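Heads up, the thing below is written out as structure tokens.
The values are calculated or read from the model by the stated rules, or taken from the named source; none is laboratory data. A quick note: this is a predicted structure, and the numbers were derived from the prediction, not measured. Here the Cβ is made from the backbone with ideal geometry for all residues, glycine too, and neighbour counts use every protein chain on show.
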Amino acid sequence: MAKQVVLLLFFLIFFPLCAQPAVKIHAVGARMGWGRSAALNVNNIIISGLSLNCGDLQRHLSLHAYIDYWNKTKHAGDNKIVSWRILGISAITKHTFPNQTNITPFVGGGVGFNFGKGESNATFDLAIHVLGGLSVPVTSRLNGLAEFKYSIDGADYFGIFLGMDYQIR
């Protein structure tokens, strides 16, 4: 029940921001990546993610919503199988660095919530996210991206992603 309340609060706070005159949903995106969690001693995680670009807060600074999910099962010895699941929801601000090429580098950071499920316990953590990457136009409405993202919370994980953003506006 607490998770549903937190999700509801997140959306009640975040989506009104997108309704502000200067901030509207500009793009939707999807990405897949490889990750690792040193805190959980878990390697070779396949992470999937969705994102919303809610537009510019000011020149070269934009607001994004991210959802990440991963699930990993491994053998822990003595015929024991251990499984973890993480769902991360975050609001991230990205700063782009304009240049003379089509490749646009960016860095960003933000806060969010990570919901986790381990062997026998469920966790709920406030998370800090740091990311960087490159965006490249593929068509007039489609951008490819390569991104590195680190999430600092109880599970501390990072991911290297490839994805696409579809420009709505």
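Brief remarks follow.
- Applying the condition of being over 11 Å from the mean Cα position of the chain (by Cα) and of a type in the set (S, T, N, Q) to region 100-130 and asking which residue is modelled with the lowest pLDDT yields Ser120.
- Leading residue by the ranking (nearest to Gly144 (Cα to Cα)) among those in region 69-106 that are aliphatic (A, V, I, L, M) and surrounded by fewer than 14 Cβ atoms within 10 Å (Cβ to Cβ): Ile103
- Residue in region 83-99 that is part of a loop (DSSP other than H, G, I, E, B), at pLDDT below 90 and not aromatic (Phe, Trp, Tyr) present: yes
- The conditions of being of a type in the set (S, T, N, Q), in contact with a Cys (Cβ under 9 Å, 6 or more places away or on another chain) and modelled with pLDDT of 70 or more are met by Ser62.
- Gly133 vs. criteria under 15 Å from the mean Cα position of the chain (by Cα) and assigned to a strand (DSSP E or B): yes
- Matching residues, region 144-169, being surrounded by fewer than 20 Cβ atoms within 10 Å (Cβ to Cβ) and in contact (Cβ under 8 Å) with a residue 40 or more places away in the chain: Leu145, Gly154, Asp156, Phe158, Ile160, Leu162, Met164, Tyr166, Gln167, Ile168, Arg169
- Hits in region 74-109 - residues which are of a type outside the set (A, V, I, L, M, F, W, C) and free of Cβ contacts under 8 Å to residues at least 24 places away in the same chain: His75, Gly77, Asp78, Asn79, Lys80, Asn99, Gln100, Thr101, Gly109
- First in region 34-45 and within 13 Å of Gly159 (Cβ to Cβ), second anywhere and aromatic (Phe, Trp, Tyr) and loosely packed, with under 14 Cβ neighbours inside 10 Å, Cβ under 9 Å, 6 or more apart: none
- Subset of region 51-68 (residues that are without any contact (Cβ under 8 Å) to a residue 60 or more places away in the chain, part of a strand (DSSP E or B), out of contact with any Lys or Arg (no Cβ under 8 Å at 6 or more places or on another chain) and not aliphatic (A, V, I, L, M)): Asp56, Gln58
- Among the residues of region 65-82, those that are under 12 Å from Tyr157 (Cβ atoms) and modelled with pLDDT of 90 or more comprise Asp68, Tyr69.
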